[in-house]
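Undergrad: My structure is below; once you've seen it, I'll send some questions.
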Amino acid sequence: MSDLALESHRVRQRFSPRLDPLWSGLFGFLLSFAGSWIPSIWRDEAATAYVANHSSQELFAIVGRIDGVFGLYYWLMHGWLSVVGTNPLTLRFPSAVAVGVGVAAVVAIGTRLHSRWLGLAAGLAFAVLPRMTAMGIEARSYAMCAAVVAVLGWMMLLLTERARILTAVVYVVVGVVAVYLHMYAVLAVGSLWLSGMLMSRTRRSRIVLSVATAGIFALTVPLFLLARTQAAAQISWINTTPAQMFAQVFVEQFFPYKTVVRFTTPDQEWVRSLAVVLAGIAWLLVAALLVTGWKRYTRAMLFAVPGVVLPTVAVFVYSFLVSPAYTPKYLISTVPAFAILLACALGNLPRVWLKVTAVVLLAGIAAPIYVSQRQPNGKFVIDDFSFIAGTIDGHSTPGDGILFDDSPGDPIESGRNALSGYPASFRNVRDIAAVTGPERLTSPWSLQLPFDAVQDQVARSSRVWLVTTPQKKPDAGADAAKLTHLGFHPASQFAGPTHEVILWTR
């Protein structure tokens, strides 16, 4: 074989269709990983860091009281963080890896359903959808859940084609993991069952898939029983109106311009508008597909339409008839199906130039959203924990004490959460008001003692850092007055978007 022929053979092997999931998955990982360390950690991620850095026994004590639906994720992160330490990069790295796995699985699904090019287009859509670029830098279980659901979808296709018992057993295991990563994934399990019933080639495949699905439901009952006991704390904050839910499905379920969209600063309004435009174009393409594309993409749409519609409708109905339970990121398990749907919609365009124009337009609009998600305050500007950590890291000296005001009295909003997400930045300071008893296992966020309970420790210090939230605490000067009474005076003051960090000395 000539050198030219040998090199040509190597190139063909390198870009073999069998390697499409690998290369696409690598792209998806790198896209999510890039800049993942930049945005400030916010309260939900602080909960992950706080819970995961307890011992296994303490971790399960916490999730037995609250956040049980994230128990598996916390346990996985406990093992990971015990090896690599805690900082924004290590907290978010597993989510970026999960996006890569999800992309690979979606490519495999699209290829199996229709063609190589549909698979590649679906994988690209999964990677660049703002929902995944946001969750790929989120230290929560959502990206992992989406990835595992995508793998489950690929395994469902295997079962519909050849119903092997071993495949069914693995299907049950993967499905159970998906639901324990996020309980709303049980809706994806149900939609995959329906798709499988419509697509199965034999009666045996339908029976095996049904038994496997029943097994997943049975094995996840304990999670739902635990979640029921914790529902008041877990979803009581959801108060979305029907009109808001429809708007969120249209935009935020797949096209959020940042992690927490309920608080938008004036400089972010233009990005929010871009997200609405992006969503509008995508949904118009999907609408055209639903009207004209069934014949061309029958199998792909039998897979994708139930995967998007059924979980969303189920949560809507529950929210209307029982109590509000819809928030866009909770339906992360619908993203793999939507990526398939969007790829079909692009392929359904009648001319090549229209396909190219649509791809360039969608990618061009998504790019600024991607960049916006990776700004220092790209998640939740109220939680400016990176500012607190950076200030303490840059200006503290060994032996300094640190106090946090109790504004607004709820640990979820406390500046103390910076301690959980950036422990290395606080290596020089003593956490004077830390709760060290069993009470610390009653919340997924760090608790603190009141100022009066630690006054003696404060009195023995010569330098104390006070982190306050003046915008939210009417009596923001109360702690300052107590420090003044003990002989302290303010020496330095640093103001962030929400918090102030003040050095008191004497």
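The values are calculated or read from the model by the stated rules, or taken from the named source; none is laboratory data. Owing to the predicted nature of the structure, the values given are computational and were not obtained by experimental measurement. Positions of Cβ are backbone-derived with ideal geometry, glycine not excepted, and every protein chain shown enters the neighbour counts. For accessibility, only protein heavy atoms count, side chains too; no ligands or nucleic acids. Shrake-Rupley method; radii C 1.70, N 1.55, O 1.52, S 1.80 Å.
Undergrad: Using only alpha-carbon positions, what ratio does the radius of gyration of the range 191-236 give when scaled by 2.2 N^0.38 Å? If you can, show how the numbers build up before the last one.
TA: Numbers: Rg = 15.2 Å, N = 46, 2.2 N^0.38 = 9.4 Å.
For the range 191-236, the normalised Cα radius of gyration comes out at 1.61.
Undergrad: Right, something else. Could you tell me what percent of the accessible area of the chain is made up of carbon and sulfur, with a 1.4 Å probe and every protein chain present?
TA: Numbers: 14220 of 21280 Å².
That share works out to 67 percent.
Undergrad: Output the Kirkwood hydrodynamic radius of the range 357-506, Cα pairs only, in Å rounded to one decimal. Walk me through the numbers on the way to the answer.
TA: Details: mean 1/r = 0.0600 Å⁻¹.
Over the range 357-506, the inverse of the mean reciprocal pair distance is 16.7 Å.
Undergrad: Any idea what angle helix 88-113 forms with the longest principal axis of the chain, computed on alpha-carbon atoms, 0 to 90 degrees, nearest 10?
TA: With both axes taken from Cα atoms, the answer is about 10 degrees.
Undergrad: Could you state the number of Å between the C-alpha centres of the range 112-129 and the range 159-215?
TA: Between the Cα centre of the range 159-215 and that of the range 112-129, the gap is 22 Å.
Undergrad: For the chain, what's the relative contact order in percent, using C-alpha pairs closer than 8 Å and at least 6 residues apart? Don't jump to the answer; show the numbers that get you there.
TA: On the way: 829 pairs, mean separation 93.6, N = 506.
In percent, rounded to a whole number, it is 18.
Undergrad: Apply the Karplus curve 6.51 cos²θ - 1.76 cosθ + 1.60, θ = phi - 60°, to the phi angles in the range 321-336 and return the couplings in whole Hz, x for Gly and Pro.
TA: Coupling constants for the range 321-336: 8, 10, 7, x, 9, 9, 9, x, 5, 5, 9, 4, 5, 8, 5, x Hz.
Undergrad: For the range 223-229, in order, what is each residue's ³J(HN,Hα) by Karplus, 6.51 cos²θ - 1.76 cosθ + 1.60 with θ = phi - 60°, in whole Hz (x at glycine and Pro)?
TA: Computed from phi, the couplings for the range 223-229 are 5, 6, 5, 5, 4, 5, 6 Hz.
Undergrad: Follow-up question, since we're still on this one. How much FRET efficiency would the formula 1/(1 + (r/R0)^6) give for PHE246 and VAL173, where r is the Cβ-Cβ distance and R0 is 45 Å, rounded to 0.05?
TA: Numbers: r = 36 Å, r/R0 = 0.81.
Efficiency, from the Cβ-Cβ distance: 0.80.
Undergrad: Which whole-Hz couplings ³J(HN,Hα) result when phi for each residue of the range 54-64 is put into the Karplus expression 6.51 cos²θ - 1.76 cosθ + 1.60, θ = phi - 60°, listed in order with x for Gly and Pro?
TA: Each residue's phi maps through the Karplus curve to give 8, 5, 4, 5, 5, 4, 6, 5, 5, 6, x Hz.
Undergrad: Something else about it: For n ≥ 4 DSSP H runs only, could you compute -39500 (n - 2.57) per run for the chain, divide by its residues and tell me the 222 nm figure to the nearest 500? Display every interim value, and only then the final one.
TA: On the way: 22 runs with 307 residues, N = 506.
Taking each H run of at least 4 residues, the total per residue is -19500 deg cm²/dmol.
Undergrad: Right, another one. On C-alpha positions alone, give me the angle between the axis of helix 20-33 and the longest principal axis of the chain, in degrees, nearest 10.
TA: 20 degrees
Undergrad: Amide H to amide H under 5 Å from TRP465: which residues, 5+ apart in sequence or cross-chain, H placed 1.01 Å off N in plane?
TA: Residues meeting the amide H criterion: GLY401, ILE402, LEU403, TRP504.
Undergrad: Over 10 Å intervals from 0, what percent of Cα-Cα pairs in the range 285-377 sits in each interval?
TA: 15, 33, 33, 17, 2
Undergrad: For the range 421-506, what is the Kirkwood estimate of the hydrodynamic radius, computed as the reciprocal of the mean inverse distance between distinct Cα atoms, to one decimal in Å? Don't skip to the answer; put the middle values down first.
TA: Numbers: mean 1/r = 0.0704 Å⁻¹.
That comes to 14.2 Å for the range 421-506.
Undergrad: Please compute, over every Cα-Cα pair in the chain, the percentage with a separation greater than 29 angstrom. Spell out each step's value before the answer.
TA: On the way: 68938 of 127765 pairs.
Result: 54 percent of Cα pairs exceed 29 Å.
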